[in-house]
Structures are given as C-alpha cells and as structure tokens.
Amino acid sequence: MKVTILEPSGYCSGVNNAMNLAIKTKKENPSKSIVILGMLVHNQESLKTLKNLGINTIYDKDCSLEQLATRIESPSIVILTAHGHSNNVEEILKNHGHSIVDATCPFVKNSFKEILNAINNGYSVFYIGVKNHPEANAALSISKDVSLIDVKNPIIPDDKTRVLVISQTTLSKFEISQINEQIKEKYPNAEFLSGICNASTKRQESIMNISNDADLILVVGDSNSNNSKTLYSLAKNTYKNISVKLIENENDINKKDLLGLSNIVIASGASTPKEVILRVKDKLLN
C-alpha cells in the first residue's frame with residue numbers, strides 16, 4: 001500500500017508559536033496558575049499535551065470569552081488563544097487581577113490591523129467568516145462598522161458606501177468566491193483583501209493537486225478546526241470518485257475499510273500535531 005502525507009503538515013507557524021508560548025509560560029512560572037481562555041488551538045491532542053503539563057483550559061461553547069473570563073480564579077496567568085480576542089476581554093482579566101499572555105497568531109493580528117485601518121479611513125468592513133467562530137467574534141468586536149457575512153448563510157448588508165471585504169484566515173478562496181461576486185453585484189466599487197493565511201492556502205493548494213488514482217483521502221484534524229473542515233469540504237467537492245474522510249487520529253481508522261486499497265493520501269489541518277499524522281500513517285501501513 002502506498003501512503004502519501006501531503007505537505008505542509010504539522011503545526012503552522014501561528015499554532016507552533018501559541019503552543020511554545022504556553023509551554024514557555026508554564027516553565028517560567030511552575031508554581032503559578034496558568035489558564036488558557038478558550039481553546040488555544042482547535043485540536044484536542046494539543047490541549048491534552050498542555051493539560052498534562054498543568055496548563056488548564058476554560059472553554060464552554062455556549063459562553064462568550066467575556067463570560068468565561070469572570071470564572072477564572074485570581075490571580076492567574078491567562079493565555080489568550082491564537083484566534084484573537086476583544087479588548088473587552090483584556091480589560092475584564094486585568095480588572096480581576098490576572099496577568100495576560102497573548103498567543104494571537106501574527107497573521108490574525110495583521111488581518112485585524114487591516115480592518116482597523118479601513119475603519120479609520122471611513123470604510124465599512126464586510127467580514128466573511130464562520131458565525132460564532134472565535135476569530136470572527138474578535139473581528140466583529142473591533143468596531144460597529146464591521147459586519148459579519150456568514151459563509152454558511154451569506155446576507156449582504158444594505159446602504160453602505162465605501163466597502164472593504166476581508167475573510168477569516170481559515171477559509172478557502174473557493175468558499176468565498178461566490179460571496180465576493182454577490183458583493184460586487186451590490187457594491188461594484190468594493191475593495192477586497194484575501195485574509196486567508198498562507199498556511200491555509202498552501203494546504204488547500206496541496207489538496208487540489210492529488211492524483212486521481214488515489215483510493216482514499218484522509219483529512220486529519222479536530223472536529224472543531226475550521227481549517228481542517230475546509231480541507232475536508234474542498235476534497236469532498238473536488239474528488240467525486242475518491243472516498244474522503246475527516247478523522248481526528250488513528251483511532252478513527254477501521255482496518256476493514258482499508259481492504260483492497262492501494263493508494264491513500266493524508267492531508268492535515270494547521271493545528272494537527274505531526275506525531276498524530278505519523279501515527280495515522282503507521283496504522284495504515286501496519
């Protein structure tokens with residue numbers, strides 16, 4: 001059996017930075033309470049690694065970061081996730097006596113700077129993203145002049161003048177292309193910035209160049225990871241004659257499903273640890 005791991009694989013630079021920053025913070029403060037507000041990265045294996053080091057995560061999908069911030073015992077060192085956050089979150093944490101470590105991805109920070117710059121120059125910003133995703137929530141918190149266009153249910157706002165369009169970093173250009181066309185019809189003079197990060201783009205390009213003789217495409221990533229789900233959807237829509245599955249780790253593989261297969265391709269999300277990918281490959285081959 002042939003098994004190919006698509007590159008790039010393993011952590012992207014933003015996830016790698018967030019993980020290393022959390023580990024470094026614990027190492028430098030071994031006796032202090034270290035708490036991650038939200039999911040540092042969207043991968044359960046990564047969060048387990050941090051928990052084993054004594055770094056706790058406070059997360060509830062039904063609560064905002066502002067609400068969760070009030071539940072952290074004082075004083076703690078609070079690590080803010082790679083996806084970004086509102087200024088209000090920082091104010092709440094400081095008012096409760098916490099120290100803050102910001103692990104926001106540099107590419108996300110740059111995206112938010114572009115949004116703020118546009119707002120300061122008189123633009124209304126249309127942010128194409130996933131409703132209630134932490135990155136989208138953080139972008140919306142920048143200004144009342146930022147409007148979410150939900151990638152799953154796009155509704156284009158009316159009565160805007162100067163419009164800048166930017167997208168969540170983990171989307172694909174294929175997801176947003178049709179929405180961009182709808183915006184152009186309504187706002188012919190709208191300006192567009194991609195927003196999609198290099199790590200997501202390279203993985204998407206890689207999955208678009210799979211040989212048609214593959215029998216199975218396995219996308220390895222957490223069910224909470226938007227960039228992993230984007231890769232899965234992209235593969236599913238592109239390769240109608242190839243089986244595509246989204247798995248979290250090697251435990252999701254049923255050896256009986258591999259009978260008769262000769263060519264398997266492994267793709268992976270930007271927050272999937274390299275060791276998980278290698279365990280998946282090992283199970284396929286043994």
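The values are calculated or read from the model by the stated rules, or taken from the named source; none is laboratory data. Because the structure is predicted, anything quoted here is derived from the model rather than measured. Backbone-built Cβ (ideal geometry, glycine too); neighbour counts: all protein chains shown. Note: areas computed on protein heavy atoms with side chains; ligands, DNA, RNA excluded. Shrake-Rupley method; radii C 1.70, N 1.55, O 1.52, S 1.80 Å.
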Treating only Lys and Arg (+1) and Asp and Glu (-1) as charged, each at its beta carbon, one finds that region 198-286 has a dipole about its Cα centre, in Debye to the nearest 20, of 100 debye
Eigenvalues of the alpha-carbon gyration tensor of region 174-250, times 5 and square-rooted, give semi-axes in Å, largest first, of 28, 15, 11
Asserting the computed 222 nm helical MRE of the chain (DSSP H runs at least 4 long, -39500 (n - 2.57) per run, divided by residue count, to nearest 500) equals -11500 deg cm²/dmol
Hydrodynamic radius by Kirkwood for region 1-99, inverse mean 1/r across distinct Cα pairs, in Å, is 14.5 Å
Descending accessible area (1.4 Å probe), largest on the left, turns 279, 71 into 71, 279
Given unit charges at Cβ for Lys, Arg (+) and Asp, Glu (-), the dipole magnitude of the chain about its Cα centre in debye, nearest 20, is 520 debye
On each of the three principal axes the extent of the alpha-carbon atoms of region 221-286, given in whole Å and largest first, is 30, 29, 14
Here the residues of region 204-242 lying in the modelled label zone of residue 285, meaning backbone nitrogen under 20 Å from a point 7 Å along Cα-to-Cβ, are 211, 214-221
If R0 = 41 Å, then residue 143 and residue 259, at their Cβ-Cβ distance, give a FRET efficiency to the nearest 0.05 of 0.15
Restricting to lysines and to Cα separations under 21 Å from residue 61, and discarding same-chain partners fewer than 8 apart, the set is 48, 51, 131, 152, 229
Distance in nm between residue 51 and residue 63 label points, each 7 Å along Cα→Cβ, equals 1.6 nm
Expressed in nanometres to one decimal, the distance between label points 7 Å along Cα→Cβ at residue 182 and residue 237 is 1.3 nm
